[in-house]
Amino acid sequence: MARYPCHGDVFHICQQFETLANIWTRLASGVRTERKALEARLANPRRRCQDSLLIDRLDELRPLEARAHQRADDLRTLALWLERDVLSLAGPDLPTRQELFDFIVEQLRQREPEDPSRIGTMRVALQNQRNDLLAFAGVLDQKLDAIASDTAVAGHLVRATCLLHRKPETSVAFWQAWNRLHAAIGRRFHEVWTAVSQALHDTPRSSSLVENLNSRLRNCLTLRHHLGGGRAWLELLKFFVNHRRFTRSRCSARVGKSPREAMTGEAHSHWLTLLGLGPLQPRQI
């Protein structure tokens, strides 16, 4: 298949962490629902006696609910830190990301005894993939250092320009930071901004493109028992994926192009025509 350079698959680990936070949110919600039901039952004026078992259960649920909500909030916060501060493309340098990453792993380790099967699994997954997940940060650091050297602009100003890409351009904070950087860098600001934008664009982290490819391959892989096995089938699948054109893409430059055309810059005929089935016929209306 056509290969596209990427540095770390951040999509699945963020999705896994979000799923963990959602599970604990549902658990906390379930405890709260049970607590409210018991309170309503005990507050019923038609009750002629106090049920000691219900009261004891209510006393157990109240601290359990508080702990569950606190744990859900903690996991949600850690998941947001991982996605927005550690694994975001525009972010701090690699040593800082590594320090933040290790902090998140340690926080999960402290909470692991409460839910070893889920929190422990998440902690192990993060710990084992640390270097792979942060590989893109080292590549980006090298590009930003090169930009600082080529433009003779201080490295911390180039990094600040990178971090500015995290703010929405419609916000007041973005333009305030823009003006401060423009004043600090001077006439080379637009050159630095363009170079940093290009560096971010050229440092993919394997997210939507990989998911798009996986979704296209999944149906083909589940149907292989109908098409026959062996290397011939894999070669046909590789040919199809390399030459089938994108009908839509978040990157406008890919629309109407196949992976081969996007990588080589050279046009080719429809994949059915390349297989020797003749020119593609116009659609009948």
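A short reminder: the numbers here are calculations on the coordinates, not readings from a lab. Not measured: the values here are computed from a predicted model. Positions of Cβ are backbone-derived with ideal geometry, glycine not excepted, and every protein chain shown enters the neighbour counts.
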Open item on the list: Cut-off under 22 Å on the C-alpha distance; same-chain residues fewer than 8 positions from residue 257 excluded. Which lysines are left, in chain and number order?
Closed with: 238
Task: Full-extension gain in nm, residue 130 to residue 202, via 0.36 nm per residue minus C-alpha separation - done: 23.8 nm
Open item on the list: Give me P(r) over the stretch 93-160, computed from all C-alpha to C-alpha distances, binned every 10 Å, as integer percentages.
Closed with: 19, 36, 23, 15, 7, 1
Task: Calculated FRET efficiency for the pair residue 248/residue 39, C-beta based, R₀ 45 Å, to 0.05 - done: 0.30
Task: Neighbour cut-off at most 16 other Cβ (10 Å), DSSP loop, GluC sites (Glu not before Pro), the stretch 68-173 - done: 169
Task: the stretch 104-121 - phi-based ³J(HN,Hα) in whole Hz, Karplus 6.51/-1.76/1.60, Gly and Pro as x - done: 5, 4, 5, 4, 5, 4, 5, 9, 4, x, 6, 7, x, 5, 10, 5, x, 4
Open item on the list: Residue by residue through the stretch 83-93, what is 3J(HN,Hα) from phi via Karplus (6.51 cos²θ - 1.76 cosθ + 1.60, θ = phi - 60°)? Round to whole Hz and write x for glycine and proline.
Closed with: 6, 8, 10, 9, 9, 5, 5, 8, x, x, 6
Task: Under the Karplus curve 6.51 cos²θ - 1.76 cosθ + 1.60, θ = phi - 60°, whole-Hz ³J(HN,Hα) for the stretch 122-136, x wherever Gly or Pro sits - done: 5, 5, 5, 4, 5, 4, 6, 9, 3, 5, 5, 5, 9, 4, 5
Task: Qualifying trypsin sites (Lys or Arg not before Pro) in the stretch 126-193, DSSP loop, other Cβ atoms within 10 Å at most 15 - done: 166
Task: Cβ-based exposure ranking for 157, 108, in which fewest neighbours within 10 Å come first - done: 157, 108
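Among 268, 156, rank each residue by its count of other Cβ atoms within 10 Å, from fewest to most, as a rough exposure measure. Write out the running numbers ahead of the final one.
Values: 268 15, 156 10.
Result, fewest neighbours first: 156, 268.
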Task: Kirkwood Rh in Å, taken over all unlike Cα pairs in the stretch 146-201 - done: 11.2
- [ ] Would you mind ranking 52, 149, 258 by Cβ crowding within 10 Å, fewest neighbours first?
- [x] 52, 149, 258
- [ ] Could you please report the charge total around residue 177, scoring K, R as +1 and D, E as -1 over all other residues with beta-carbon less than 12 angstrom from its beta-carbon?
- [x] +2
Open item on the list: What does the extension gain come out to for residue 60 and residue 170, with contour length at 0.36 nm per residue minus their alpha carbon separation?
Closed with: 34.7 nm
